[in-house]
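Encoded as structure tokens, the structure appears first; notes follow it.
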Amino acid sequence: MVHSIVTAGMSRTPSIRRARGAASMLITGLIALSAGLASAQADTPTWRERLKAARASAVPTVPWTTPGTHRVTLPHGGLERHALVHVPAGFRSKAPTALVFAFHGGGGDAAYMADDDRYGLIALAERERFVLVLPSGYSRFPRGKLATWNAGDCCGDARDRQVDDVGFVRALLTHLGQQLVIDRGRVFAMGMSNGAMMSYRLACEMSDTFRAIAAVAGTEAVASCQPSRPVGILHIHAQDDTHVLFNGGAGPDAFGDASKVMDFVSVPTTVSRWVTRQQCAPTPRRTLDVPGAFCDTYSGCADGAEVRLCVTASGGHSWPGAPGSRLGRKPPPSQAISAHEQAWSFFQSQAARPR
């Protein structure tokens, strides 16, 4: 029996060896296959990348000179920044064009600023044939909502993270200059609330670029301002603003978290600073007086610039002349004047002064 066992075992040895060899080859093949699959997976785009590519391929490349609203994505400062650019009908690509940058308020975005029921800017651009640039501020949310601007001492995450919004505007302007023929004497900025504060910062730091600004419901928010050349300044504000108080400070409706805003500079102080900086005559003249609103203009400033203050009696923290109603129980925008019409008229007058 022992012999039988030994004999039987000896007789199966070649089969075992063959099986072991086959198993070894199988394991080697599996290892190679696994490595190949891992390599293939590394080279295969993720579903997010595939979705992004599919969306990009689904949207045809449209020349910038084509009338309509174009979305711009621009990397800057380690962030992916966005803007909308509206080109009016009848635009002539080879003719120098005026550019108007419009900055949304804190908590908004470019699309919000492009809503004509709130601001009327698209219709104005179509009528006056200028290119409208609507940048979006910094947002920590994927869709870019609730964005803010780093206007100096205000506001929100953009200020807290020291986002380079001035650099973004410079980069965006350079990018636009590669697509459009820009009339460098007709580059303007306007903004609402935090966007108005951003416009003031641009007047301080990019006075060589912006001919004039229009600030609505937002005051100066920088600690230091040394413009290299005079800038036309238009400020529009409601006396009953409950966010940025006319006489200074943050109102009860400014923001749920007071640390995200600032103790706002008053409207009179903001205007006075610019009158002094630009060596204007200290006494203004009343250039508009209508029921519910007036405008005072300071002339005699360096290089023919002007500083103008327009005040509405009502409307709260809103864009005067906007046809749309405001949310909640807030007062409707004042209809005594139109902020965008006042801004464009002011821009036109400032473009005409000597360069």
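Annotations for the structure displayed:
- Pairs, first closer than 16 Å to GLY232 by Cβ in the stretch 261-277, second basic (Lys, Arg), C-beta under 9 Å, six or more apart: VAL271/ARG308
- Checked against the criterion of being on the phi > 0 side of the Ramachandran plot, crowded, with 24+ Cβ neighbours inside 10 Å, within 16 Å of the chain's Cα centre (by Cα) and of a type outside the set (Phe, Trp, Tyr), the stretch 214-230 contains not a single residue that satisfies it.
- Filter pass, GLY218 being modelled with pLDDT under 95 and assigned to a loop (DSSP other than H, G, I, E, B): no
- Some residue of the stretch 274-290 being within 25 Å of the chain's Cα centre (by Cα) and more than 24 Å from VAL222 (Cβ to Cβ): no
- For the stretch 135-149, taking the residues that are in contact (Cβ under 8 Å) with a residue 24 or more places away in the chain, assigned to a loop (DSSP other than H, G, I, E, B) and at negative phi, the one that is most open to solvent (accessible area, probe 1.4 Å) is identified as LYS145.
- Only one entry of LEU124, LEU132 meets the criterion of being assigned to a strand (DSSP E or B) and more than 24 Å from CYS225 (Cα to Cα), and that entry is LEU132.
- Number of residues in the stretch 186-205 that are over 12 Å from VAL100 (Cβ atoms), touching a residue at least 60 places away in the same chain (Cβ under 8 Å) and either open to solvent by 10 Å² or more (accessible area, probe 1.4 Å) or charged (D, E, K, R) (or both) equals 2.
- In summary, GLN178 fulfils each of the numbered conditions (1) at pLDDT below 95; (2) touching a Pro at 6+ places or on another chain (Cβ under 8 Å) with the single exception of condition (2).
Here's the yes/no breakdown for (1) at pLDDT 95 or above; (2) surrounded by fewer than 14 Cβ atoms within 10 Å (Cβ to Cβ); (3) among the small types (Gly, Ala, Ser); (4) in contact with a strand residue (DSSP E or B) (Cβ under 9 Å, 6 or more places away or on another chain):
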{"residue": "ALA250", "(1), (2), (3), (4)": "yes, no, yes, yes"}
{"residue": "GLY256", "(1), (2), (3), (4)": "no, yes, yes, no"}
{"residue": "ARG286", "(1), (2), (3), (4)": "yes, yes, no, yes"}
{"residue": "CYS295", "(1), (2), (3), (4)": "yes, no, no, yes"}
{"residue": "ALA302", "(1), (2), (3), (4)": "yes, yes, yes, no"}
{"residue": "ARG308", "(1), (2), (3), (4)": "yes, no, no, yes"}
{"residue": "ALA322", "(1), (2), (3), (4)": "no, no, yes, no"}
{"residue": "HIS340", "(1), (2), (3), (4)": "yes, no, no, yes"}
{"residue": "ALA351", "(1), (2), (3), (4)": "yes, no, yes, yes"}
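- Those residues of the stretch 281-328 which are in contact with a helix residue (DSSP H, G or I) (Cβ under 7 Å, 6 or more places away or on another chain) and under 18 Å from GLY120 (Cα atoms), in sequence order: TRP319, PRO320, GLY321
- Residue check, PHE346 under 20 Å from GLY195 (Cβ atoms), at pLDDT 95 or above and crowded, with 17+ Cβ neighbours inside 10 Å: yes
- Answer from ASP183, ASP263, ASP241, ASP208 - the residue that is open to solvent by less than 40 Å² (accessible area, probe 1.4 Å) and not in a strand (DSSP E or B): ASP241
The values are calculated or read from the model by the stated rules, or taken from the named source; none is laboratory data. Note that this is a predicted model, so its numbers are computed, not measured. For neighbour counting, all protein chains shown are included, and Cβ atoms are generated from backbone atoms with ideal geometry for every residue, glycine included. Side chains are part of the model used for accessible areas, which takes the heavy atoms of the whole protein and leaves out ligands, DNA and RNA. Shrake-Rupley method; radii C 1.70, N 1.55, O 1.52, S 1.80 Å.
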